[in-house]
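Accompanying notes for the structure given below.
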Amino acid sequence: MQHLRRTPILIAILMLVLAAIATIAGCPQPNGYTTRAVFPGADFEFMDGMHWIPGDPSHALVLTQRGVIWRVNTSDPTEEPGVFLDLRDRLIPEPAGEEGLLGLAFSPDYQTSGRFYVHYTALGDAPVRPDGQARKSVISRFTGGGAAADPASEQILLELRQPYANHNGGALVFGPDGYLYIAFGDGGSGGDPDGNGQNLGSLLGKILRIDVSGADYTVPPDNPFIGTPGARTEIWAYGLRNPWRIAFDPATGALWAGDVGQGQLEEVDIIVKGGNYGWNRLEGSQCYNAPGCDPTGTIAPVAEYTHEFGCAVTGGYVYRGAEMPELQGWYIFGDFCSGRVWGVSAEGPGAMIPLADTGLQIASFAEDPAGELYVVTFDHTIQKLVRK
């Protein structure tokens with residue numbers, strides 16, 4: 001009987017050994033991670049982004065959907081957050097749903113120029129949307145530095161009419177090539193009724209790539225649809241429904257995106273030059289509203305999951321930190337509705353591995369200067385991804 005009493009202990013030891021082997025071998029431990037609250041001063045409503053200030057590892061900017069950008073000390077919790085930029089007077093009144101302040105990116109030369117870029121929803125002009133309102137997405141440049149930016153420094157670079165209240169996209173990120181990449185959703189409603197995803201004459205349902213090094217933006221000469229009749233030359237990739245968060249892998253230069261699905265599938269994509277990601281012929285890897293659609297010429301998702309596990313994917317980052325070496329080279333992403341977090345290998349994409357079940361509304365991920373990852377939530381908290 002004594003050996004039976006030892007069995008649970010032996011099993012526990014074996015599990016610990018297997019977890020250690022997985023860690024050493026560079027394999028994430030399934031369900032072996034959790035999150036813990038950090039930065040107690042970042043207690044704001046509708047937080048949807050966090051970006052460390054270049055050259056200042058102790059301070060980050062926290063975005064709120066309602067239009068305020070806060071400057072937060074990530075090293076000293078006793079320092080009160082301060083308003084870095086207040087855009088509430090430029091946004092639509094009390095934005096909610098999928099509108100509002102949706103993205104921010106620092107210029108590669110921010111430390112000398114003070115330039116940064118934001119993506120927000122503003123009141124538009126005619127034509128009026130079916131709901132009786134007029135909206136537009138705005139890509140603007142501001143000049144900042146120090147504790148606050150200059151609200152009067154705004155330069156609007158791009159405006160895009162939004163036909164419905166959802167699927168604005170919102171992400172902004174500079175690539176290793178120095179160009180600005182912009183994620184736009186298909187314009188909204190459901191099922192892409194205007195066919196924007198596959199229409200190269202529309203900027204909706206696309207990833208754009210533009211050069212903002214001058215006073216205004218220009219189109220890089222190697223963009224894929226230059227010379228294509230009727231195409232908008234700003235387009236880098238198309239066939240997307242609502243890409244919510246995009247990020248470059250600093251080690252490989254690959255561009256990753258989480259693309260929110262319609263009613264069945266959420267997907268993760270690697271975005272390539274000229275790529276067609278299928279919407280609205282396809283939802284993820286499956287035909288959408290057509291039993292025999294032709295996927296020829298489209299790029300399949302790297303990973304996808306059904307609405308059994310969530311309802312809206314939140315794109316993240318390829319982990320390049322040091323605290324959890326077993327996650328090196330894994331793309332980490334989550335779901336807004338369920339709070340689940342998964343990983344998929346960036347070195348040879350395969351099956352998704354469940355990492356954590358946070359129970360939080362994951363609006364965005366964030367990456368600190370050391371490559372460690374954080375979860376930005378609608379739950380008045382920012383949390384760090386850690387081992388259990």
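Numbers below:
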quantity: Single condition GLY144 does not satisfy, out of (1) over 30 Å from ASN289 (Cβ atoms); (2) surrounded by fewer than 16 Cβ atoms within 10 Å (Cβ to Cβ); calculated: (2)
quantity: In segment 191-223, the residues that are within 25 Å of TYR317 (Cα to Cα) and part of a loop (DSSP other than H, G, I, E, B); calculated: GLY197, LEU203, LEU204, GLY205, VAL212, ASN223
quantity: The listed residue being outside any helix (DSSP H, G or I) and either within 27 Å of ALA370 (Cβ to Cβ) or polar (S, T, N, Q) (or both), out of ARG141, ARG90, ARG71; calculated: ARG71
quantity: Odd one out for ALA215 among (1) at pLDDT 95 or above; (2) surrounded by fewer than 20 Cβ atoms within 10 Å (Cβ to Cβ); calculated: (1)
quantity: Test result for GLY114, at positive phi and either touching a His at 6+ places or on another chain (Cβ under 8 Å) or surrounded by fewer than 18 Cβ atoms within 10 Å (Cβ to Cβ) (or both); calculated: yes
quantity: ALA183, sole failed condition from (1) in a strand (DSSP E or B); (2) modelled with pLDDT under 95; (3) not acidic (Asp, Glu); calculated: (2)
quantity: Residue in segment 306-324 that is part of a strand (DSSP E or B) and surrounded by fewer than 17 Cβ atoms within 10 Å (Cβ to Cβ) present; calculated: yes
quantity: Residue check, THR121 among the hydroxyl-bearing types (Ser, Thr, Tyr), modelled with pLDDT of 95 or more, within 29 Å of ARG161 (Cβ to Cβ) and crowded, with 20+ Cβ neighbours inside 10 Å; calculated: yes
quantity: Where SER345 falls short, out of the listed (1) buried (at least 17 other Cβ atoms within 10 Å of the Cβ); (2) more than 19 Å from PRO243 (Cβ to Cβ); (3) of a type outside the set (Lys, Arg); (4) touching a residue at least 24 places away in the same chain (Cβ under 8 Å); calculated: (4)
quantity: Residue check, GLN262 modelled with pLDDT of 95 or more, touching a strand residue (DSSP E or B) at 6+ places or on another chain (Cβ under 7 Å), farther than 26 Å from GLY103 by Cα and polar (S, T, N, Q); calculated: no
quantity: Unmet criterion (only one of (1) over 11 Å from ILE207 (Cβ atoms); (2) in contact (Cβ under 8 Å) with a residue 60 or more places away in the chain; (3) in contact with a strand residue (DSSP E or B) (Cβ under 9 Å, 6 or more places away or on another chain)) for ASN166; calculated: (3)
quantity: Residue match in segment 374-384 (condition: closer than 17 Å to HIS51 by Cβ, acidic (Asp, Glu) and in contact with a Leu (Cβ under 8 Å, 6 or more places away or on another chain)); calculated: no
quantity: Candidates ASP109, ASP56, ASP89, ASP48, filtered to the one that is acidic (Asp, Glu), at pLDDT 95 or above and surrounded by 22 or more Cβ atoms within 10 Å (Cβ to Cβ); calculated: ASP48
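Here's the yes/no breakdown for (1) surrounded by fewer than 16 Cβ atoms within 10 Å (Cβ to Cβ); (2) at negative phi:
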site	(1), (2)
ASN280	no, yes
GLY297	yes, no
PHE333	no, yes
GLY339	no, no
THR358	no, yes
GLN361	no, yes
THR381	no, yes
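The values are calculated or read from the model by the stated rules, or taken from the named source; none is laboratory data. No experiment lies behind these values; they were computed from the predicted model shown. Glycine gets a Cβ as well: all are built from the backbone with ideal geometry, and neighbour counts include every protein chain shown.
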